[in-house]
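Peer 1: Quick one: the structure is below, questions incoming.
What follows draws every value from the coordinates through simple rules; no lab data is involved. This one's a predicted model, so the numbers in the text were calculated from it and none came from an experiment. Please note: Cβ atoms are built from the backbone with ideal geometry, for glycine as well, and neighbour counts cover all protein chains shown.
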Amino acid sequence: MKYQRIMLKLSGEALAKSGGAGLNHAVLMDVAKSIQEVADKGIQVVVVVGGGNIWRYRDTTDSGIERSASDAMGMLATIMNSVALQSALEKMGKHTRVCSAIDVPQLAEPYLRRRVLRHLEKGRVVICAGGTGNPYFTTDSAAALRALELGCEVLLKATNVDGVYDKDPDEHKDAKLYKELSYQEAIEKHLNIMDQAAFSLCQDQHLPIRVFNYTERANLLKAALGEEIGTLVHG
């Protein structure tokens, strides 16, 4: 049975060119097409996009820029990616709103929960940008927070592998793919599904997480329809 409202978490690297930087326009359009297919099924879609293809603190610790300023730059990077994704979706005729935790009225609406809910009820795709608006929080945490605030039924985490494995599948041919995990099993097995703060929030509020491979375009629609794809982490 399909979900009524989903949260899609995309990393900035998911939209990047080869090497992990910049924007790959072909990938951007493929991702937009996948989102459009889900929305056309009557499923309400909320998206959080990371900014790691442009700026991320942990990759730039030697820059000399202090943490709060660096995180602010990362939040601005998420707005750039969100505006690009909005443009791609609207090129396909899908009404889309970027709602930012940081005030940038020339580019995005402010994030107001009631306004976002109204957009979703009208069938618009909503992209939540600017992280949480605070330093020291990742976009994983922003995705978990917005998903809970907006009543999303599942958090779909897009990756470039088929789900959660017991070890790195790129380095170990015998890596085992988990089809289903409890939150506690994921913690005990030290599986880094999301950052600790985001994962704890999902666990505490019983928000299921499905990890899937976004590089196959049909997979997002399958995940949104509740099909058994990738790995489901739940209580």
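Peer 1: Counting Lys +1, Arg +1, Asp -1, Glu -1, what net charge surrounds ASN24 among other residues with beta carbon under 15 Å of its beta carbon?
Peer 2: Here the charged neighbours net out to +1.
Peer 1: Okay, next question. Filter the chain for me: DSSP H helices, axial length by Cα at least 24 angstrom, mean Kyte-Doolittle hydropathy not below -1.0. List them by residue number.
Peer 2: Those that clear 24 Å and a mean of -1.0 are 67-91.
Peer 1: Using amide H atoms built 1.01 Å from N in the peptide plane, name the residues 5+ places from ALA129, or on other chains, whose amide H lies under 5 Å from its own.
Peer 2: Residues meeting the criterion, in which the H sits 1.01 Å from N, are CYS99, SER100, ALA101.
Peer 1: Only helical DSSP H runs with n ≥ 4 go in: add -39500 (n - 2.57) per run for the chain, normalise by residue count and round the 222 nm mean residue ellipticity to 500 deg cm²/dmol.
Peer 2: That calculation yields -11000 deg cm²/dmol at 222 nm.
Peer 1: If the cut-off is a Cα-Cα distance under 19 Å, which aspartates and glutamates reach LYS176, setting aside same-chain residues fewer than 8 apart in sequence?
Peer 2: The reachable aspartates and glutamates, counting only those whose Cα sits under 19 Å from LYS176, are ASP162, ASP166, ASP168, GLU185, GLU188, GLU228.
Peer 1: Something else: Dipole of the chain (Lys/Arg Cβ +1, Asp/Glu Cβ -1, origin at the Cα centre): which of LEU156, GLY131, ILE35 lies farthest to the positive side?
Peer 2: In the chain, that residue is ILE35.
Peer 1: Whole angstrom only: what separates the Cα centroid of segment 9-39 from the Cα centroid of segment 84-140?
Peer 2: The distance from the Cα centre of segment 9-39 to that of segment 84-140 comes to 16 Å.
Peer 1: Counting only DSSP beta bridges with both residues in the chain, tell me the antiparallel percent, nearest 5.
Peer 2: Here the antiparallel bridges make up roughly 15 percent for the chain.
Peer 1: Please give the length that would be gained between SER87 and GLU66 if that part of the chain were fully extended, namely 0.36 nm times their separation in residues minus their C-alpha to C-alpha distance (nm, one decimal).
Peer 2: My answer for the length gained is 4.3 nm.
Peer 1: Along the principal axes of its C-alpha atoms, what lengths does segment 120-190 span, in descending order and rounded to whole Å?
Peer 2: The Cα atoms of segment 120-190 stretch 45, 30, 24 Å along the principal axes, largest first.
Peer 1: Counting other beta carbons within 10 Å of each residue's own, what order do THR61, THR132, THR215 fall into, fewest first?
Peer 2: The most exposed by this proxy come first: THR61, THR215, THR132.
Peer 1: How high is the relative contact order of the chain? Use alpha-carbon pairs under 8 Å, at least six apart in sequence, and give a whole percent.
Peer 2: Reported as a whole number, the value is 23 percent.
Peer 1: Computed over the Cα atoms, what is the radius of gyration of the chain divided by 2.2 N^0.38 Å, N being its residue count?
Peer 2: The reported ratio for this selection is 0.95.
Peer 1: May I ask for the percentage of alpha-carbon pairs in segment 43-170 that lie more than 17 Å from each other?
Peer 2: The proportion of pairs with Cα distances above 17 Å equals 60 percent.
Peer 1: Let's test the formula: R0 of 45 Å, r as the Cβ-Cβ distance of ASP174 and LEU112. What FRET efficiency results, to the nearest 0.05?
Peer 2: Between ASP174 and LEU112 the formula returns 0.35.
Peer 1: With an 8 Å Cα cut-off and a minimum separation of 6 or more residues, compute the relative contact order for segment 1-91 in percent.
Peer 2: Value for segment 1-91: 34 percent.
Peer 1: If you stretched the chain out fully between HIS25 and GLN196, how much longer would it get, using 0.36 nm times the residue separation minus the C-alpha to C-alpha distance?
Peer 2: Result: 58.4 nm gained on full extension.
Peer 1: Compute, for the chain, the length of the dipole vector about the Cα centre, with Cβ point charges of +1 (Lys, Arg) and -1 (Asp, Glu) only. Units Debye, rounded to 20.
Peer 2: In total the dipole reaches around 940 debye.
Peer 1: Which of the three applies to segment 169-228, rounded, prolate or oblate, going by the alpha-carbon gyration tensor with a ≥ b ≥ c and a/c under 1.5 meaning rounded?
Peer 2: The shape class here is oblate.
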